[in-house]
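Here the structure comes first, spelled out in structure tokens, and everything after it is commentary.
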Amino acid sequence: MTRTLADSAVALACAALFSAAAHAHPGHDHSHWTSAIIHIQPYAAALIALALAVLFAARSARKPRSTKRGERR
């Protein structure tokens, strides 16, 4: 379950990161009511990616390291 959730989060972050490429085209309208939302998406995607990186790094740091047999911590 956790692996699927992590994969979904990464997929969502990747989709958000590439939103600028999906919405940029010649003559796009800056006066449209969705313009602000669309232009904020790359920044939001970067924040999401940063938050996920921090989350996964924190989880990784909390996991106990495995030791070889016979060794003590």
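The values are calculated or read from the model by the stated rules, or taken from the named source; none is laboratory data. If you're wondering where the values come from, they're calculated on a predicted model, not measured in any experiment. In this analysis, Cβ positions are derived from the backbone assuming ideal geometry, glycine residues included, and neighbour counts consider all displayed protein chains.
Structure data summary
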item	result
Subset tally (residues that are surrounded by 15 or more Cβ atoms within 10 Å (Cβ to Cβ) and among the β-branched types (Val, Ile, Thr)) for the stretch 35-56	2
Whichever residue in the stretch 36-73 is polar (S, T, N, Q) and over 22 Å from the mean Cα position of the chain (by Cα) and, among such residues, is modelled with the lowest pLDDT	Thr67
Enumeration of residues in the stretch 1-34 that are surrounded by fewer than 12 Cβ atoms within 10 Å (Cβ to Cβ), assigned to a helix (DSSP H, G or I), modelled with pLDDT of 75 or more and among the small types (Gly, Ala, Ser)	Ser8, Ala11
